[in-house]
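Each remark here refers to the structure printed beneath this line.
The values are calculated or read from the model by the stated rules, or taken from the named source; none is laboratory data. Please read these numbers as outputs of a predicted model, since none were measured by experiment. Every residue, glycine among them, receives a Cβ derived from its backbone with ideal geometry; neighbour counts consider all protein chains shown.
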Amino acid sequence: MARTPFGSKGMEGDYTPAASTMGSSGSGGLSAFIDQGSEFEGKLSFKDTVRIDGRFRGEITSENTLIVGETGEIEATIRSKTVAVSGSVTGDIVAGTKVVLHKTARVHGNIETGSLVVEDGAEIDGQIKMGKSASSQLKAVPGPAPKDEKS
C-alpha cells in the first residue's frame, strides 16, 4: 500500500483527509501520513487510519486508528477509537477501544481507554482510567462527520 504524505514545515489550519485527495485507501486503510521532518498545527479529523512520524500540535479526532511512529512528536488532545504510540505524546488521550504503548513510547498526559497494552520500556506520566467509561466519553465528543446512528 502506498503511503501519502501531507503537511509541510509551518503548515497550519484544519485538515480532514478525504478519499478523493488521499487516493483509494479502502475501508480501514491508511488515509494519511505525516512524514518525519513535516510539521502540522491545527485540528486533524479523519475516519480511517492516520500515521504521524512528524510533529503535530493541536487536536486530533478519529473514528478509527491513530498511529504515532517512533519519530512522531504530538502535542495534542487525542480522541480516537484506537491509538498506538511508538513516539512522544504530550496531551490527554481518550481511546474508546484500545491504547497500545510500544517500548519507545513516551506519554505525558492522562489516558482514558477501554483497554491498555504497555510494552516494557514505555514511559507514562499521567493518570490512567480504564473501562467502559472511555467508550462513552468518546461518543459524547462530536466526531469529524456525524453519522446517522440509531440508538
Qualifying residue in region 2-22 (condition: at pLDDT below 50, surrounded by 15 or more Cβ atoms within 10 Å (Cβ to Cβ), at positive phi and over 14 Å from the mean Cα position of the chain (by Cα)): yes
Some residue of region 100-117 being closer than 18 Å to Phe33 by Cα, in contact with a strand residue (DSSP E or B) (Cβ under 6 Å, 6 or more places away or on another chain) and either at pLDDT 95 or above or of a type in the set (D, E, K, R) (or both): no
Count of region 32-74 residues which are within 11 Å of the chain's Cα centre (by Cα), closer than 21 Å to Gln127 by Cα and of a type outside the set (A, V, I, L, M, F, W, C): 2
